[in-house]
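Enquirer: Handing you this structure, nothing more for now.
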Amino acid sequence: MYKKKLIFLLFVLLGIFLLSGCYDRATINTYSDPSFSKNTITRLAIFPMKNVNLTAGESRAINRGIAKGIHQINPNIEIMSTVEIIQILNKQGLTSEWSAFLEDYASTGVPNTETLFKIGDVLGVDGLMQGEIVNVYQENSHYGVNQKAPSVKLGVARVTVRYSTFGTDSGKLLWEATSDGINKTGITFSDDPSLIEAVMLAQQKIIENLPF
């Protein structure tokens, strides 16, 4: 009996190995202010993504990805680099004010117009975009035998990514998108689920729905 169960387990493992990494998907929800149009923003500042538990290289890839996506849709938009944004905010002593703005917006859902006007004026842009990872769940795959029966569980990495775009002339939230990225893998022979792949899946879904 045990031999039959062991053979069954081996077949299960083989099947999952062959299907390994094939379960990737992303969902999305968006909001757009009625006053927002394609030509509302001509110069955009994209801030570094917030709450990122990734390597420096992965974070740069995320920032480059959203900037590239915007340029592909509308090459006329001038995008301010994250390095330049950080340098100017540090020089003007506005880094903590932007952090306070984000915390306040996260809790109230209402942007502080005074901060938007001030930072927009300092950076010389008419739009501010902030990306954030708002939720992360990761569990590695595992297998075994429970009460002489095979036990198999796929690994999963699930993230929720949100991008918010604020107008520095209107002081409004112009556009916002929230996307869940899910990366599942098989077991034993495959790598554990990748967090960065889940983030990229969510971001790609957002890029496909950019309003620019």
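Enquirer: Looking only at the stretch 119-166, count every residue that is among the small types (Gly, Ala, Ser) and modelled with pLDDT under 90 and tell me the total.
Expert: Result for the stretch 119-166: 6.
Enquirer: Still on this model: Is it the case that the stretch 14-26 has a residue that's modelled with pLDDT of 90 or more, within 15 Å of the chain's Cα centre (by Cα) and either at negative phi or in a strand (DSSP E or B) (or both)?
Expert: no
The values are calculated or read from the model by the stated rules, or taken from the named source; none is laboratory data. Fair warning: this is a prediction, and the values are worked out from it, not measured in the lab.
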